[in-house]
Amino acid sequence: MRIDRRVTIRMLEVKVDVSDGTVLTIVHERLRYRKVCAQWVPKQMTDQHKELRMGLALQHLFRYIEDPTFLERIVTADESWRHHYEPDKAGQHAVEAYVVISL
């Protein structure tokens with residue numbers, strides 16, 4: 001998982017020849033990974049990441065103290081494409097659609 005974060009539970013299950021429940025338990029509870037944007041990432045931040053996040057938060061705080069309108073200029077949302085699929089129901093053809101979602 002550290003080499004290829006796109007690996008699936010099914011791929012791991014086949015590779016190590018154990019049940020999907022066992023693989024899920026190992027991935028979630030032992031390795032403490034979770035699925036984010038279709039990749040497995042560690043749940044815990046490294047000390048370096050924590051320091052970086054704290055430094056950036058302090059920079060924003062100091063800028064806000066100097067200029068209270070600073071936060072109004074930060075863009076926090078974007079558009080994301082999400083694939084939507086509805087399976088065939090009672091003889092109807094399947095429908096695929098792409099939906100733009102503003103976050």
Nearest-0.05 FRET efficiency for Leu71 and Glu29 at R0 = 35 Å, using Cβ-Cβ distance, is 0.35
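Sort Tyr33, Tyr64 so the one with the fewest other Cβ atoms within 10 Å of its own Cβ comes first.
Details: Tyr33 19, Tyr64 13.
Final ranking by Cβ density, sparse to dense: Tyr64, Tyr33.
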Within the under-13-Å Cβ sphere about Ala57, not counting Ala57, Lys/Arg +1 and Asp/Glu -1 give a net charge of +2
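Where a number appears in this text, it was derived from the coordinates with a stated rule and is not lab data. Everything quoted here is computed from the prediction, not taken from an experiment. So basically every Cβ, Gly included, is an ideal-geometry build from the backbone, and we count neighbours across all protein chains shown.
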